[in-house]
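The values are calculated or read from the model by the stated rules, or taken from the named source; none is laboratory data. Not measured: the values here are computed from a predicted model. Don't worry about glycine lacking a Cβ; one is built from the backbone with ideal geometry, like all the others, and counts go over all protein chains shown.
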Ligand SMILES: NC(=O)c1ccc[n+]([C@@H]2O[C@H](COP(=O)([O-])OP(=O)(O)OC[C@H]3O[C@@H](n4cnc5c(N)ncnc54)[C@H](OP(=O)(O)O)[C@@H]3O)[C@@H](O)[C@H]2O)c1
């Protein structure tokens, strides 16, 4: 009889895999990077701020994981290309790519200028596209790959001045489907994790208003807002062998927010 440990390991272990997680220094990306690394993947965190990257990677290394970081600005094409090369140079070409780096600038629609539009599209949409182009074909050639984007409920509905942000996340879900169509026949699945409201530095302003936080919690089915750690299990599942037949999907991790 197979032991439960061996069974679970066969389904979910990421031993021998290499992962690159953008936004891996903070919030959801940090929790996802931690989950993938603890599940066995050699994991490279990518973001701009070096001190935060080093702290996040050190926490994982201290826990016995293989973790490293590469600093890069994903708001420019040259920045994305440089970060991709630096990340791939650490443990080799990635089997798993998680795009969690994101920004949410919220000017009222009428005041939304081209600068906000351009930066939002560059970080939230173009960087995931370029990283997919850089790593996806190699994954397909090797016969295994996992691309996971972090989108938002704003991909599906307008919410708190969705502006350019909601547009970028809607397009990111379409990108996941295009990538899934292209590469799933070669063992590369492409999916999105869709958060509701998660208490992270991204929404510090909203998080500091107790009444709004309570009102948002009441809109979920579980009665609480999300925590970055809530994404660990779903991320390991989507990164593992277990999810081989799940592709082009948007997986909501939102306490039921989107269906309430
Ligand atoms: N929190 C929520 O309620 C929520 C809801 C829906 C969707 N999401 C999505 O979840 C993802 C993670 O959000 P979070 O809440 O975890 O945010 P967060 O804590 O603010 O983390 C954002 C990460 O992205 C990195 N980043 C931002 N701009 C970058 C750039 N130009 N180049 C490289 N890295 C950059 C940041 O590091 P540096 O600043 O050092 O670069 C940081 O590591 C985002 O895509 C967000 O849109 C969050």
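Checking 184, 174 one by one, the residue that is modelled with pLDDT of 95 or more, buried (at least 16 other Cβ atoms within 10 Å of the Cβ) and part of a helix (DSSP H, G or I) is 184 and no other. On the stretch given as segment 67-100, residues that are within 28 Å of residue 38 (Cα to Cα), touching a helix residue (DSSP H, G or I) at 6+ places or on another chain (Cβ under 6 Å) and either free of Cβ contacts under 8 Å to residues at least 24 places away in the same chain or within 16 Å of the ligand (Cβ to nearest atom) (or both) total 14.
Report those helices (runs of 4 or more DSSP H) wholly inside segment 31-132 carrying at least 1 residues which are on the phi > 0 side of the Ramachandran plot.
Numbers: elements: 50-62, 77-91, 114-121.
Those helices (runs of 4 or more DSSP H) do not exist here; none qualify.
If you take the residues of segment 29-66 that are out of contact with any strand residue (DSSP E or B) (no Cβ under 6 Å at 6 or more places or on another chain), within 15 Å of the ligand (Cβ to nearest atom) and touching a residue at least 60 places away in the same chain (Cβ under 8 Å), which of them is nearest to residue 234 (Cα to Cα)? Filtering first and then ranking leaves 35. For segment 194-215, the set of residues classified as in contact (Cβ under 8 Å) with a residue 40 or more places away in the chain and either closer than 14 Å to residue 153 by Cβ or away from the ligand (no atom under 13 Å from the Cβ) (or both) consists of 194, 195, 196, 197, 198, 202, 203, 206, listed by residue number.
Residue-by-condition table, conditions (1) surrounded by fewer than 20 Cβ atoms within 10 Å (Cβ to Cβ); (2) touching a residue at least 60 places away in the same chain (Cβ under 8 Å):
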| position | (1), (2) |
| --- | --- |
| 105 | yes, yes |
| 110 | yes, no |
| 123 | no, no |
| 138 | yes, no |
| 142 | yes, no |
| 150 | no, yes |
| 155 | no, yes |
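Residues that are in a loop (DSSP other than H, G, I, E, B), free of Cβ contacts under 8 Å to residues at least 60 places away in the same chain and within 15 Å of the ligand (Cβ to nearest atom) occur at least once in segment 15-28.
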